[in-house]
Amino acid sequence: MAIMDLTEAIKTRRSIGKVKDDPVSSDAIKKILEAGTYAPNHYRTEPWRFFVLIGDSRKKLGGVLEDIARLENVDLVPDEWNKKAEKARNNPLRAPVIIAVGVEPGDKKNVMIKEEYAAVCSAIQNMLLTAHALGLGAIWRTGGAAYHEKVKEFFGLTPKGEMAGFIYIGYPDLTPKAVKKTDFEDYTVWMN
């Protein structure tokens, strides 16, 4: 399997929110996970935690998301309340693979929490680029439910741990639109 040029991967990667139900090979998933571990991390704390959900494990996550939706929307009329809960329950079924990514900050005195999150976000970017380079579609999903205590418990994170989000992965079922990027010069100050 050929891997695309890094610059091409960076410039052409897009969030792909619609993917096919076709299974993704474990080799591809392993390459994506390995890429995550090559992210820079201060003091080599390796603060990332990966949870690969395939098959029925996605339904179990859906049950947790449904519980959260029911807890957080008690003010809705019953029909709307049930619709929100059902949507939350089915969200994890939108892709054949979900990699949930957690942050477990290191215990060393000199470790800064911000840097642990930065490392995990870098790992996620590596993973998204690798998925794209392998011809897969992926999207990094977050939101209030991702950070909820019930999700943290589901994945067995420690009290100081937290979710960084979910990477939904599959073979693209859409052609991403071209995106116009603001020129880097608009955000850059050259200092001599």
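All of the numbers you see were taken from the coordinates with simple rules; none came from a lab. Treat the numbers as computed from the prediction; the structure is a model and nothing was measured. Using ideal geometry, Cβ is built from the backbone for each residue, glycine included, and neighbour counts are taken over all protein chains shown.
Helical content alone sets the calculated 222 nm signal of the chain at -12000 deg cm²/dmol, taking -39,500 (n - 2.57) per DSSP H segment of four or more residues and averaging over every residue.
By its C-alpha gyration tensor, with a ≥ b ≥ c as the square roots of the eigenvalues, how is region 15-161 shaped: rounded for a/c under 1.5, else prolate for a/b larger than b/c, else oblate? Oblate shape, in that a/c is at least 1.5 and b/c is the bigger or equal ratio. Computed from point charges on the beta carbon alone (+1 for Lys and Arg, -1 for Asp and Glu), the dipole magnitude for the chain about its Cα centre is near 160 Debye. Legend: distances between Cα atoms for K31/K83; K18/K84; K18/K180; pairs beyond 27 Å are K31/K83. Anisotropy class assigned to region 1-79 is prolate, per the alpha carbon gyration tensor with a/c at or over the 1.5 cut-off and a/b larger than b/c.
Between K160, K59, K18, the residue with the greatest mean-square fluctuation in the GNM of the chain (Cα pairs under 10 Å linked by springs) is K160. Modelled spin-label separation between I113 and E72, with each label point placed 7 Å from Cα along the Cα-to-Cβ direction: 1.9 nm. Separation of region 128-158 and region 69-98, taken as the distance between their Cα centroids, equals 17 angstrom. Once the C-beta distance of S26 and D56 is scaled by a Förster radius of 25 Å, the resulting FRET efficiency is 0.90 to the nearest 0.05. The protection proxy used here, the mean number of other Cβ atoms lying within 10 Å of each residue, ranks peptides 136-146, 20-30, 176-186 as follows, highest first: 136-146, 20-30, 176-186.
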